[in-house]
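Worksheet: the structure to be examined is printed underneath.
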């Protein structure tokens, strides 16, 4: 699952993960993501930080509050890359921090890593 307010970013992520053999669900709204995870538990959540209304840090905290999602890996996928942002993301419950723009091969390596293990 990917949550990013830029539809073109979701399409790019979708093309990469589907080409690697994964299924994909994406949304541009954090609130919609909360509804989606009530119906299905993703193997990985890719989460942008810069979003309107509810930013990625708060979205991460909300996702982690759901008992069904406590062990689902969450990787922030963002252009923000300061040490403060990384720390804030990890404190919010994130597991990884992938910086945009990203190398497609390395991106899929991270997806494969997180979807193949339990946290």
Checklist (1) in contact (Cβ under 8 Å) with a residue 24 or more places away in the chain; (2) buried (at least 18 other Cβ atoms within 10 Å of the Cβ); (3) under 18 Å from residue 4 (Cα atoms) applied to residue 114, failing item: (3)
Subset of the range 52-72 (residues that are closer than 17 Å to residue 5 by Cβ and surrounded by fewer than 21 Cβ atoms within 10 Å (Cβ to Cβ)): 52, 53, 54, 55, 57, 58, 62
Counted residues, the range 58-91 - those being out of contact with any strand residue (DSSP E or B) (no Cβ under 8 Å at 6 or more places or on another chain), within 26 Å of residue 39 (Cβ to Cβ) and assigned to a loop (DSSP other than H, G, I, E, B): 3
Selection count, the range 1-26, where residues are surrounded by 18 or more Cβ atoms within 10 Å (Cβ to Cβ) and under 14 Å from residue 53 (Cβ atoms): 2
All positions within the range 24-57 that are assigned to a loop (DSSP other than H, G, I, E, B), within 14 Å of the chain's Cα centre (by Cα), farther than 20 Å from residue 88 by Cα and free of Cβ contacts under 8 Å to residues at least 40 places away in the same chain: 24, 25, 28, 29, 41
Total residues in the range 73-111, condition surrounded by 15 or more Cβ atoms within 10 Å (Cβ to Cβ) and over 16 Å from residue 48 (Cα atoms): 1
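Just so you know, all these numbers are worked out from the coordinates, no wet-lab data involved. Here the structure is a predicted model, which is why all the values come from computation and not from measurement. FYI the Cβ positions are ideal-geometry reconstructions off the backbone, even for glycines, and counts take in every protein chain you see.
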